[in-house]
Each structure stands twice: as structure tokens, then as C-alpha cells.
Amino acid sequence: ETGVTQTPRHLVMGMTNKKSLKCEQHLGHNAMYWYKQSAKKPLELMFVYNFKEQTENNSVPSRFSPECPNSSHLFLHLHTLQPEDSALYLCASSQEAGPTYEQYFGPGTRLTVT
Amino acid sequence: GESVGLHLPTLSVQEGDNSIINCAYSNSASDYFIWYKQESGKGPQFIIDIRSNMDKRQGQRVTVLLNKTVKHLSLQIAATQPGDSAVYFCAENKGPAMYSGGGADGLTFGKGTHLIIQP
């Protein structure tokens, strides 16, 4: 395994629900990321945290709210989502934030919005 | 449109043959490239990277070739095995590589090629 775990692995939620995705890394890394992977589309970066500070918000709608309480844990809070938000949400970590630091990905949470 | 793309969405090869997966990029300023492998039900996994000061880099059964003249990147897998079945996609950094700090949004990802291994 990669050392990055995500829960839940699958989630079905209605548009009025509030849910949270959890990511934990056991690699001692300082940077963590949220990505969205939709069918037939490239991987899209959503948020980046470096040393617990958010460094990137890639024009993500406010219905997605990240939280990084410490460098090992990352959450993605979801509320009033739309059906087009259905996708695989991937968490990753790296030693530090930056394109040349190898990123280790979790298995993802498959989200379906009904 | 996206700046990184792949020529074929699906590639089918015989077990034991060599596989070549291609990627085109449009950002001449990109100086760092990565290939990822994503197996079904798993997250992407780093395979190999290459910097623009190199034309070729070899790993274990994999070789990445970079042709900066035509902005083309390829991944060659030798003696393809059933375990190589996955989606492969490339990524490039948007600008000169940052060796500290910077942002992960420096990476642009391609859509992926699904490699299918025929027995």
C-alpha cells in the first residue's frame, strides 16, 4: 500500500446532505492534496496544504470545504453538492508541496450524488 | 483545451510484447514530466519521471523518452505482463520546476491510456 488511506471508499449522498471525506497519511509528509477524478477527464487539483497551511484553492466551489488539522490528516467537507460532483476524490501527500516532490495517492473515495 | 494529451484512449498488446504509450504536450516551458499508473480501484502510482535536460531515462522494465523538438513524451514498457494492465497518464509541470515550495498545481495531467494485456 502507499501509506495513504481514505475513508469511506464509497459514498452516496443526496444533494441536501452534509458528509465528510477523510484522508490520513503515515509517511511523515508535510503536504497533502485533494484531487477530483471524473470519467474521461484529466485529474483536477482542488486543494493543497503545505505544513497545515492551505496554499492552493483551484477555483473550487464553496460547497467543498477542506480542513487540515495536522500534517497527517486531511478532510473534505461536502454540502449541497450537485450531481456533476459525482467523481472519484483522491487524496495525496508528498514530502513538501511542489511538482517535483513525488506524490503518494490514496485509493480514493467514489462519490455519487443523487 | 488541455495542454497534455494522449494519442490513444486504449492500447491492446500481447503479453510479452513491448508497449509504447504516447503523450503530447504544448507548453514549451515545461521542464519536468511524470508518468503515472492507475490500476482499477486504486489511486495513481508514480512510475518514472524525466527532466527536460534529458532525452531518455530508464527504470525497471520502463523507459521514458522525451522529444522536446516535437513536444512528445512516451513510456515504453518492456515484456508487458498482466500486472501492467492499468490506465497510464502523463503529467507535466506548467513552468520551470520548483525544487522547494511552489505549488502542486504546477502539474497538468493528461486523460490517460488504458493498457489492455491480451493473453
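Readers should treat all values here as calculations from the given coordinates under stated rules, not as data from a laboratory. As the structure is a prediction and not an experimental result, all values here were calculated from the model. Cβ atoms come from the backbone with ideal geometry, glycine included; neighbour counts cover every protein chain shown.
The order of the peptides A:28-41, B:10-23 by mean Cβ neighbours within 10 Å, most packed first, is A:28-41, B:10-23. With R₀ fixed at 25 Å, the C-beta to C-beta distance from B:S26 to B:M54 puts the FRET efficiency at about 0.80.
Charge dipole (Cα centre; +1 on Lys/Arg Cβ, -1 on Asp/Glu Cβ; no other charges) of the protein assembly as shown amounts to roughly 300 debye. At an R0 of 22 angstrom, the distance between the Cβ atoms of A:N58 and A:E84 translates into a FRET efficiency of 0.85.
Across the cross-link table entries A:K41/B:K37; A:K40/B:K42; A:K52/B:K37; A:K19/B:K37; A:K40/B:K37, which are compared at the Cα atoms, the separations over 19 Å belong to A:K52/B:K37; A:K19/B:K37. Each of B:Q45 and B:I116 was given a label point 7 Å from its Cα along the Cα-to-Cβ line. The distance between the two points is 2.2 nm. The calculated Kirkwood hydrodynamic radius for region A:57-114 is 13.0 Å, given to one decimal from all distinct C-alpha pairs.
The order of A:S72, B:S40, going from fewest to most other C-beta atoms within 10 Å of their C-beta, is B:S40, A:S72. Placing a pseudo-label 7 Å from each Cα along the Cα-to-Cβ vector at B:T69 and A:Q95 gives an inter-label distance of 3.5 nm. Computed from the C-beta positions of A:N70 and A:S20 and an R0 of 22 Å, the FRET efficiency is 0.90 to the nearest 0.05. Spin-label model, A:K40 to A:R9: label points 7 Å out along the Cα-to-beta-carbon direction sit 2.7 nm apart.
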